[in-house]
Amino acid sequence: MTPVSRQPPEQQAPPVQRLRMRYAKRGRLRFTSHRDFSRAFERAIFRARVPMAYSSGFNPHPRISYAGAAPTGAASEAEYVEIMLREIVDPAATMALLDDALPDGLDLVDVVVSEGGSLADRLQASSWRIDIDAPAEQIVASVASFLAADEVTVERMTKRGLRTFDARAAVVSLVAEDGGVALVLRHQELAVRADDVINGLKSYGLEPITVPLLTRLSQGPFDDATGAIGDPLR
């Protein structure tokens, strides 16, 4: 029996343009997981007929890079994705087509042509609003104790199992506000999340009546001198 030679996979042409996009998760779509969003986004790309570049190999897939996704259950005004294209397109027109194809609550906010480099590397910090159903004095006291601590140990189940880590080191600022807190987090190798900070506050007496509502307001490059978070698309 003559063996059948397997042909090498077709090599795809390199992309000619990259678009970086900011999108929001709003309303009930805050409960969309990253996997849910990626499926919805790829369907929207197909419907909008965006001229995607594809990977090479026996199972080509559209070249999409996701960066810094918020956890399931968190709303966000600052999620980011980069797509690679086989044709030059107008960013504003592509944004309009994709936004129309996405479900309400997954909303494109901005689209720009990438200037190169790593998008993920520009997401160095994020700001959050956390709505907490608890007495104001309890929020204030737990925040003060959290900030006074040298280390706040929390646990979280990860893909590698239960991990124990310090949530305090990543906190740039934490301010008690009416009905919740304002939080700025520096992104680290093992990313501390806003819900990790909530768990840390619970160890200092915070007892929310209902599940706190997390909303990411921004993320981007961090200025150590001013404490400001910049726009990662510019």
Next item on the list: Lys and Arg at +1, Asp and Glu at -1: add these up for the other residues within a Cβ distance under 11 Å of Pro221 and post the number.
Entry: -2
Item checked: Other-chain or far-sequence residues with amide H under 5 Å of Val109's (modelled H) -> Arg22, Tyr23, Ala24
Checklist line | Low-density loop positions, trypsin sites (Lys or Arg not before Pro), segment 151-203 - DSSP coil, at most 14 other Cβ in 10 Å | finding: Lys159, Arg160
Checklist line | Shape of segment 77-129, Cα gyration tensor, a/c cut at 1.5 | finding: oblate
Checklist line | Relative pair counts by distance (%), Cα atoms of segment 161-228, 5 Å bins | finding: 3, 13, 27, 26, 18, 10, 3, 0
Notebook entry, point to check: Nearest 10 degrees, 0 to 90: what angle lies between the long axis of helix 34-48 and the longest principal axis of the chain (Cα atoms)?
Noted result: 40 degrees
Checklist line | For Glu177, residues with placed amide H under 5 Å, excluding near neighbours | finding: Ala182
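Per DSSP helix of 4 or more residues, -39500 (n - 2.57); summed, then divided by the residues of the chain. What does that give at 222 nm, rounded to the nearest 500?
The helix contribution divided over the chain gives -6500 deg cm²/dmol.
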Check: Computed FRET efficiency, Cβ-Cβ of Ala148 and Asp121, R0 41 Å: what is it to the nearest 0.05?
Finding: 0.80
Check: Given the Cα-Cα distance of Lys159 and Ala96 and 0.36 nm per residue of separation, how much length would full extension add, in nm?
Finding: 19.1 nm
Checklist line | Charge tally in the Cβ shell below 9 Å around Tyr54, where Lys, Arg are +1 and Asp, Glu are -1, Tyr54 excluded | finding: +2
Next item on the list: Multiply the residue gap between Phe46 and Glu189 by 0.36 nm, knock off their C-alpha separation, and tell me the result in nm, one decimal place.
Entry: 48.1 nm
Notebook entry, point to check: What's the longest bit of the chain with no exposed GluC sites (Glu not before Pro), using DSSP loop states and at most 12 other Cβ atoms within 10 Å as the test?
Noted result: 11-86
Note to self: Tell me whether segment 1-126 comes out rounded, prolate or oblate; compute the Cα gyration tensor, take square roots of the eigenvalues as a ≥ b ≥ c, and use a/c under 1.5 as the rounded threshold.
What the structure shows: prolate
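Which whole-number percentage describes the relative contact order of the chain, with Cα contacts under 8 Å and a sequence gap of 6 or more?
So the answer I get is 23 percent.
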Item checked: Positive-pole candidate from Leu213, Leu174, Leu233, dipole of the chain, charges at beta carbon -> Leu233
Checklist line | Extension gain from Asp110 to Thr72, taking 0.36 nm per residue of separation minus the Cα-Cα distance | finding: 11.5 nm
Note to self: Per residue, how large is the accessible surface of segment 31-82? Use a 1.4 angstrom probe and give square angstrom.
What the structure shows: 50 Å²
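The values are calculated or read from the model by the stated rules, or taken from the named source; none is laboratory data. None of these values were measured; they are calculated from a predicted model. All Cβ positions, glycine included, derive from the backbone under ideal geometry; neighbour counts span all protein chains shown. Ligands, DNA and RNA are stripped out before the accessible areas are found, and what is left, the full protein with its side chains, is counted by its heavy atoms. Shrake-Rupley method; radii C 1.70, N 1.55, O 1.52, S 1.80 Å.
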